[in-house]
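*Asks:* Provided herewith is a single structure, encoded as structure tokens, for subsequent inquiry.
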Amino acid sequence: MHKMLILAAASAALLGANAFAVERGELLASTCLSCHGPDGHSTKVQGAVPSLAGLEKGYLVKSLQEFKAGTRASSVMKRLASGYTDEEYALMADYLSKLK
Amino acid sequence: MSITRRDFLKVSGMGAASALIAGCAGMGASGAKPKVVVVGAGYGGATCAKYLRKWGPHIEVTLIEPNDKFVSCPRSNLVIGGLRNMDYLTHGYDNLPKHGIRMVKDTVVAIDPGKRTVTTKGGTTLGYDRLVLAPGIDVRTDTVKGFQEAEAAGKVVHAWKAGAQTALLRKQLEAMPDGGVFVIGIPGTPYRCPPGPYERISLVANYFKQAKPKSKIIVLDSNADIVSKKPLFTWAWNSFYPGMIDYRGSSAATGVDGSRMVVSTEFDDIKADVMNVVPRQRAGELCALAGVRNDSTGNWCAVDFISFESTAVPFVHIIGDSVAAALPKSGHMATNQAKICAAAIVELLAGRKPEAAPVIANTCYSDTSATTGGHVANVYRYNAEKKTYVDPGGGGATPQGDELNHTYAESWAQNIWAEVLS
Ligand SMILES: Cc1cc2nc3c(=O)[nH]c(=O)nc-3n(C[C@H](O)[C@H](O)[C@H](O)COP(=O)(O)OP(=O)(O)OC[C@H]3O[C@@H](n4cnc5c(N)ncnc54)[C@H](O)[C@@H]3O)c2cc1C
């Protein structure tokens, strides 16, 4: 029993040290890339979906909030942004802003 | 005490024991690298293999696929409508090995979930710690009377897997005289790509309008009504193709006769010049080999929606069209499921629990003419109580098409092809 407790503590420490190999922000944002392109790089043709890689974090969050509120016009982003929380905007924006 | 690794995890509930397991699972039982085998390099499988390597660079990933090339179903209706050619849909797998994915050109013919091995037609047997099945659909040509004979004679196609049948259907439409009749049969839900048949009707109508304006389209829908983006397609058919499309709800095509060129319903025999009947579908046969085609209908695979692991067979994950879910069967969805599944496998192999509240989204663009298109877009959030994905609202479909969505549809295709294959 004692041994189990020690192991449990070790296991908890392990989990604490490295909660996930893939952080939530990256996992959430990965599902945006079918439209926005690999690593946030869209094709560079006229009329393409915009690239997201390296955009400023605050700008990304603000854009998503404005899409949801409808104060920024969009074809599809209002429908998508509406499904996420402000906290998730921040997590995704943090990840996307760091993409090179 | 002789208990299996899985029993051990069950009794210990991912607590103390998982730390112990992590030590060996992370490195594989013999101290080797963990092995994941992915079967099927379509939208789901290729994406999953790529992301497994991205998020788990220590994992040995093998991707098994018999085809030389990836031929996309999304956008294949543009080829059928004469707006693109087959080359546009066809992409190589050449970039996948650059991610450290081992590609095996073969078909899986046997799976032993006890020994955790898959065997290919070519006679190779591969062991796995985790197995991902992404075979797409099986088209039940046996459920439409006379289909298989007529198909063998080149008189009817479903073209619900992109490839030779896509090209053949295009050729038949080109050869059809002005004033001819195109009959299309739509299966009952659930089937691959709910808006797909209606997009096909729109783009064939667009072709007829330009090239053979006296022609007619008869739609035999097994469903009572248009099942996806109804306002969008109704708008397009009324605005661009008035009088051309004869839509018949609750009219399943039950048989085809290739020699008389007739499609039958329960009530009628309909004479056709070109026949495109899409039979019902189920999860790919591969899933039956693994014993995971286990939902209440026996057609689809029930999974734990956090990891996409089968509810029937441990260490086997299913993604894409084969999954039993109230989620649309789309390429977009398959790639997103692939990412959630890849992340979960990386965590599980390390002895950790996967992300507990995954969020996925679907978007399907449909073109409605040579210059207009629309979309449907929804977010789905994992709900721990219901153990499934729930739509939080706020999504939906465009009631009409426009040029902007038509342009973004092309960009979507280019970007998702790059995301899956580059
Ligand atoms: C006309 C049409 C239009 C569509 N339009 C859209 C669209 O606009 N947007 C969208 O998102 N979706 C669209 N779809 C849906 C999309 O094609 C599917 O949802 C998607 O392909 C599903 O991905 P998957 O990975 O499950 O299967 P697939 O992409 O079909 O991949 C399955 C792969 O597994 C391989 N395989 C099967 N069995 C074995 C075996 N035993 N061993 C080894 N390999 C095997 C196959 O060769 C294949 O390459 C459309 C579909 C159609 C028919």
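*Asks:* With the Cα gyration tensor of the stretch B:278-329 giving a ≥ b ≥ c as the square roots of its eigenvalues, does the rule (a/c under 1.5 for rounded; else a/b larger than b/c for prolate; else oblate) give rounded, prolate or oblate? Mind dumping the intermediate values first?
*Replies:* On the way: a/c = 1.89, a/b = 1.32, b/c = 1.43.
Because a/c hits 1.5 or more and a/b fails to exceed b/c, the stretch B:278-329 counts as oblate.
*Asks:* Between the alpha-carbon centers of the stretch B:81-140 and the stretch B:361-422, tell me the distance in whole angstrom.
*Replies:* Spelled out, the Cα-based centre of one part sits 26 Å from the other.
*Asks:* For the protein assembly as shown, what proportion of DSSP beta bridges, expressed in % and rounded to the nearest 5, is antiparallel? List each step's numbers first, then the result.
*Replies:* On the way: 37 of 70 bridges.
DSSP beta bridges in the protein assembly as shown are roughly 55 percent antiparallel.
*Asks:* Can you give the Kirkwood hydrodynamic radius of the stretch B:142-281 from its Cα pairs, in Å with one decimal? Write out the running numbers ahead of the final one.
*Replies:* Numbers: mean 1/r = 0.0671 Å⁻¹.
Averaging 1/r across every pair of different Cα atoms and inverting gives 14.9 Å.
*Asks:* Work out Dmax and Rg for the protein assembly as shown from the C-alpha atoms and quote the Rg first, both in angstrom.
*Replies:* When restricted to the Cα atoms of the protein assembly as shown, Rg and Dmax are 23.9, 85 Å.
*Asks:* Also, quick follow-up: Calculated from DSSP H runs of 4 or more alone, at -39500 (n - 2.57) each and per residue, what is the 222 nm mean residue ellipticity of the protein assembly as shown, nearest 500? Intermediate results must be reported in sequence, preceding the final value.
*Replies:* Details: 18 runs with 187 residues, N = 522.
Per the formula, -10500 deg cm²/dmol.
*Asks:* Residue farthest toward the positive end of the dipole of the protein assembly as shown, with Cβ of Lys/Arg at +1 and Asp/Glu at -1: which of B:GLN148, A:GLY37, B:GLY401?
*Replies:* My answer, from the dipole projection, is A:GLY37.
*Asks:* Restrict the search to the stretch B:176-231; then list the trypsin sites (Lys or Arg not before Pro) that DSSP places in a loop and that have at most 16 other Cβ atoms within 10 Å of their Cβ. If you can, show how the numbers build up before the last one.
*Replies:* Values: sites: B:ARG192, B:ARG200, B:LYS209, B:LYS214, B:LYS216, B:LYS229; in loops: B:ARG192, B:LYS214, B:LYS229.
Listed in order of number, the matching sites are B:LYS214.
*Asks:* Same structure again: With charges set only on the Cβ (+1 for Lys and Arg, -1 for Asp and Glu), what does the dipole of chain B come to about its Cα centre, in debye to the nearest 20?
*Replies:* Numbers: 45 positive and 38 negative charges, 171 e Å.
Around 820 debye, computed over chain B.
*Asks:* Can you check what the net charge comes to around B:GLY401, using other residues whose Cβ is under 12 Å from the Cβ of B:GLY401 (Lys, Arg +1; Asp, Glu -1)?
*Replies:* Details: positive: B:LYS229; negative: B:GLU199, B:ASP367, B:ASP402, B:GLU403.
Combined, the nearby Lys, Arg, Asp and Glu give -3.
*Asks:* Hey, another quick one. Just how large is the dipole of the stretch B:275-401 about the Cα centre, in debye to the nearest 20, putting +1 at every Lys and Arg Cβ and -1 at every Asp and Glu Cβ?
*Replies:* On the way: 10 positive and 10 negative charges, 18 e Å.
For this selection, approximately 80 debye.
*Asks:* Can you give the charge dipole size of the protein assembly as shown about its Cα centre, rounded to the nearest 20 debye, using +1 on the beta carbon of Lys and Arg and -1 on the beta carbon of Asp and Glu? Mind showing how you got there, number by number?
*Replies:* On the way: 56 positive and 47 negative charges, 148 e Å.
Dipole of the protein assembly as shown, to the nearest 20 debye: 700 debye.
*Asks:* Within the stretch B:142-281, what percent of beta bridges assigned by DSSP are antiparallel, to the nearest 5?
*Replies:* Working: 6 of 23 bridges.
The answer is about 25 percent antiparallel.
*Asks:* OK, next. Report the antiparallel proportion of the DSSP beta bridges in chain B as a percent, rounded to a multiple of 5. Provide the component values of the computation, followed by the final result.
*Replies:* Values: 37 of 70 bridges.
Rounded to the nearest five, the antiparallel share is 55 percent.
*Asks:* While we're looking at this one, here's another question. Give the average, rounded to an integer, of partner chain Cβ atoms located within 10 angstrom of each Cβ in B:357-366. Walk me through the intermediate numbers first.
*Replies:* Numbers: counts 3, 4, 9, 5, 9, 3, 5, 0, 2, 0.
Mean shielding count: 4.
*Asks:* Can you give the local net charge around A:PHE67? Use residues other than it whose beta-carbon is closer than 12 angstrom to its beta-carbon, Lys and Arg +1, Asp and Glu -1.
*Replies:* Values: positive: A:LYS62, A:LYS68, A:ARG72, A:LYS78, A:ARG79; negative: A:GLU66.
Taking every other residue near A:PHE67 into account, the sum is +4.
*Asks:* I need the helices of chain B that pass two filters: whole DSSP H segments spanning 24 Å or more by Cα along the axis, and mean Kyte-Doolittle score no lower than -1.0. Present the calculation step by step, with values, prior to reporting the outcome.
*Replies:* Values: long enough: B:331-349 (27 Å, 0.82); B:403-421 (27 Å, -0.37).
Going by DSSP H runs, the hits are B:331-349, B:403-421.
*Asks:* I would also like to ask the following. When only C-alpha pairs under 8 Å and at least 6 residues apart count, what is the relative contact order of chain B, in percent?
*Replies:* Values: 926 pairs, mean separation 78.1, N = 422.
Relative contact order for chain B comes out at 19 percent.
*Asks:* Non-local amide H neighbours of B:ASN95 (under 5 Å, H modeled in plane, Pro and chain starts lacking H): which ones?
*Replies:* Hits under the 5 Å cutoff: none.
Just so you know, all these numbers are worked out from the coordinates, no wet-lab data involved. Since the structure is predicted, the reported quantities are computational estimates derived from the model, not experimental observations. Every residue, glycine as well, gets a Cβ built from its backbone with ideal geometry; the counts of neighbours run over all protein chains shown.
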